[in-house]
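> Attaching a single structure in structure tokens format; questions to follow.
Any read-out appearing in this document is the output of simple, stated calculations on the displayed coordinates, not a laboratory observation. Just so we're clear, the structure is a prediction, and the values are computed from it rather than from any experiment. Cβ: placed from backbone, ideal geometry, glycine included. Neighbour counts: every protein chain shown.
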Amino acid sequence: MGGPLGRLGPLTGLVIERIRVGDDVAAAKFGTGAPIEDPAREGRVLDQVRAQAAAAGLDPDAAVAFFRDQITASKITQRGLFARWTARPGEAPATRPDLGPIRERLDRLTRALLDELKDTERSRAEP
């Protein structure tokens, strides 16, 4: 039935992975002056989600809401890390990863999450 998390285990694993990528996003932005908020990027991501969800036969509004929550979780992670690294500079990342490959990873995770949302549609609708 999908391991200890049941049928939603793969979906849950991808959500966790996406949240963890927030650490890399924070490391890429910290100390650069780049804002955590990136409304233009978020808008593009959500537009792509809407289109991909519709093409996959998912409710586009529900998919956008799901990913808006994922983006919010990432920003919470980033804010927490920024606060921690500001308070404890010795814990700040010594190097900054390139945001380009991180965004590519996020895009792959988005596609995988949409696939899992489709695959678990029936399970998620059950009481």
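> Near THR77, within a Cβ-to-Cβ distance under 9 Å, what is the net charge of the other residues, with Lys and Arg +1 and Asp and Glu -1?
Its environment carries a net charge of +2.
> What spacing in nm lies between the two simple spin-label points modelled at LYS118 and THR95, each 7 Å away from Cα in the Cβ direction?
Between LYS118 and THR95, the simple spin-label model gives 3.7 nm.
> Sticking with this structure for a sec: Angle between the Cα long axis of helix 9-29 and the longest principal axis of the chain, 0 to 90 degrees, nearest 10?
20
> Which angle between 0 and 90 degrees, to the nearest 10, do you get for helix 99-119 versus the longest principal axis of the chain when only C-alpha atoms count?
Once rounded, one gets 20 degrees.
> Build a GNM of the chain with springs between Cα atoms under 10 Å: which of ARG111, ARG41, ARG103 gets the top mean-square fluctuation?
ARG41
> With unit charges on the beta carbon (Lys/Arg positive, Asp/Glu negative), name the residue among ALA40, THR12, THR120 whose Cα is farthest towards the positive pole of the charge dipole of the range 3-121.
Comparing the listed Cα positions along the dipole, ALA40 ranks first.
> Give or take rounding to whole Å, what are the principal axis extents of the alpha carbon atoms in the chain, in descending order?
47, 34, 23
> Still on this structure, I have one more. Taking 0.36 nm per residue of sequence separation and subtracting the Cα-Cα distance, how much length would be gained by fully extending the chain between THR86 and ARG41, in nm to one decimal?
13.7 nm
> Also, I was wondering about something else. Evaluate the Kirkwood expression for the hydrodynamic radius of the range 1-65, namely the inverse of the mean inverse distance over all pairs of different C-alpha atoms, and round to one decimal in Å.
When all Cα pairs of the range 1-65 are included, the Kirkwood radius is 14.1 Å.
> For the residues VAL25, VAL64, VAL45, what sequence is obtained by ranking on other C-beta atoms within 10 Å, fewest first?
Going from sparsest to densest Cβ surroundings: VAL64, VAL45, VAL25.
> Angle check, please: helix 60-87 long axis (alpha carbons) against the longest principal axis of the chain (alpha carbons), in degrees 0 to 90, nearest 10.
Computed tilt is about 20 degrees.
> What does the charge add up to near ASP59, with Lys and Arg as +1, Asp and Glu as -1, over the other residues with Cβ less than 12 Å from its Cβ?
So the environment of ASP59 carries a net charge of +1.
> Give me the one-decimal nm value for the distance between modelled label points at ALA55 and ARG7, 7 Å along each residue's Cα-to-Cβ direction.
2.7
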